[in-house]
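The values are calculated or read from the model by the stated rules, or taken from the named source; none is laboratory data. Not measured: the values here are computed from a predicted model. Quick reminder, even Gly has a Cβ in these numbers, built from the backbone with ideal geometry, and neighbours come from all protein chains shown. Heads up: the accessible areas ignore ligands, DNA and RNA and are worked out on the full protein's heavy atoms, side chains in. Shrake-Rupley method; radii C 1.70, N 1.55, O 1.52, S 1.80 Å.
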Amino acid sequence: MSKGKGKNDQASRAKQLILGTKKHYPNGGAELKVGGATFTVNALTQLMQDFVDQRQAVETSKADTRAKVETERTQAPSKIAVIRAFETVVRGTFGNSADVLADFGLAPPKARAPMTAEQVAVAAAKRLATRAARHTMGKSKKKGIKGAVNATLVVTPIGGSPPVVTPPAPTGNAPSGGTTPHTP
């Protein structure tokens with residue numbers, strides 16, 4: 001029999017020892033010296049059975065705990081959403097009444113501290129600098145910007161012959177009335 005290090009392995013060994021003890025020590029009142037102490041066969045068997053039972057109870061408890069944690073993990077988000085929504089209802093119903101909100105365990109919202117003139121000026125300068133760095137512009141400036149595309153079409157035949165380049169369409173600078181020479 002292998003010597004396992006885990007408690008489950010020890011419990012399995014104890015079960016096997018109980019079976020062997022019952023088979024080879026049929027007299028339950030017989031005394032055995034074990035680890036410097038004297039035990040009756042029945043007392044030794046009961047001690048090992050208690051260990052096995054405790055181990056089984058621990059494993060069952062662990063499984064129950066894992067199941068409860070998984071249930072909480074799946075159900076908590078929807079329940080938390082309802083709790084937050086109710087908190088919003090309470091705040092909307094009772095406003096900033098500190099005493100009523102305290103009955104619900106809520107604190108009134110903190111009043112926003114007014115900005116000093118210096119803080120307002122710094123914030124405005126930061127906004128302008130950010131807008132310039134990101135090249136952002138307003139609605140009317142965006143209307144004036146149009147994209148220009150200069151593209152040529154390249155067609156590659158499947159047979160592996162050289163690609164055919166289609167020249168860009170004439171822009172109105174070609175001479176009128178004449179024919180253009182064709183090159184074979």
Inset, instruction - Excluding residue 109 itself, calculate the net charge of residues whose Cβ lies under 14 Å from the Cβ of residue 109, where each Lys or Arg counts +1 and each Asp or Glu counts -1. - result: +2
Legend entry - Where labels lie 7 Å past Cα in the beta-carbon direction, separation of residue 119 and residue 50 in nm: 6.8
Inset, instruction - Could you give the size of the charge dipole of segment 24-123 about its Cα centre, using +1 on the Cβ of each K and R and -1 on the Cβ of each D and E, expressed in debye and rounded to the nearest 20? - result: 320
Inset, instruction - Could you go through segment 47-52 in sequence order and give the Karplus-derived ³J(HN,Hα) for each residue, using 6.51 cos²θ - 1.76 cosθ + 1.60 with θ = phi - 60°, rounded to whole Hz, and x for Gly and Pro? - result: 4, 5, 5, 4, 4, 4
Legend entry - Proximal lysines relative to residue 79, as straight alpha-carbon distance under 24 Å, when same-chain residues fewer than 8 apart are discounted: 68
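Using a ≥ b ≥ c from the Cα gyration tensor of segment 10-166 (square roots of the eigenvalues), is it rounded, prolate or oblate, where a/c under 1.5 gives rounded and otherwise the larger of a/b and b/c decides, a/b for prolate?
On the way: a/c = 4.48, a/b = 1.81, b/c = 2.47.
Oblate is the answer for segment 10-166, as a/c is 1.5 or above yet b/c matches or exceeds a/b.
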Inset, instruction - Name the shape class, rounded, prolate or oblate, that the alpha-carbon gyration tensor gives for segment 1-90, where a ≥ b ≥ c are the square roots of its eigenvalues, rounded holds for a/c under 1.5, and otherwise prolate holds if a/b is larger than b/c and oblate otherwise. - result: prolate
Legend entry - Karplus-derived 3J(HN,Hα), 6.51/-1.76/1.60, for each residue of segment 98-107, Hz, glycine and proline x: 4, 5, 6, 4, 5, 4, 8, x, 10, 9
Legend entry - Interchain or long-range residues, amide H under 5 Å from residue 40's placed H: 32
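How about segment 113-145: which trypsin sites (Lys or Arg not before Pro) there lie in a loop by DSSP and see at most 10 other Cβ atoms within 10 Å?
Details: sites: 126, 127, 131, 134, 139, 141, 142, 143; in loops: none.
Passing both the DSSP loop test and the Cβ count: no residue.
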Legend entry - Exposure of residue 39 as accessible area (Å², to 10), given a probe of 1.4 Å and all protein chains: 60
Legend entry - Where segment 1-134 is the region considered: accessible area per residue in Å², 1.4 Å probe: 81
Inset, instruction - Report the trypsin sites (Lys or Arg not before Pro) located in segment 1-108 that are in a DSSP loop and have at most 15 other Cβ atoms inside 10 Å of their Cβ, or state none. - result: 3, 5
Inset, instruction - Using a Förster distance of 41 angstrom, determine the FRET efficiency expected from the C-beta separation of residue 42 and residue 5, and round it to 0.05. - result: 0.90
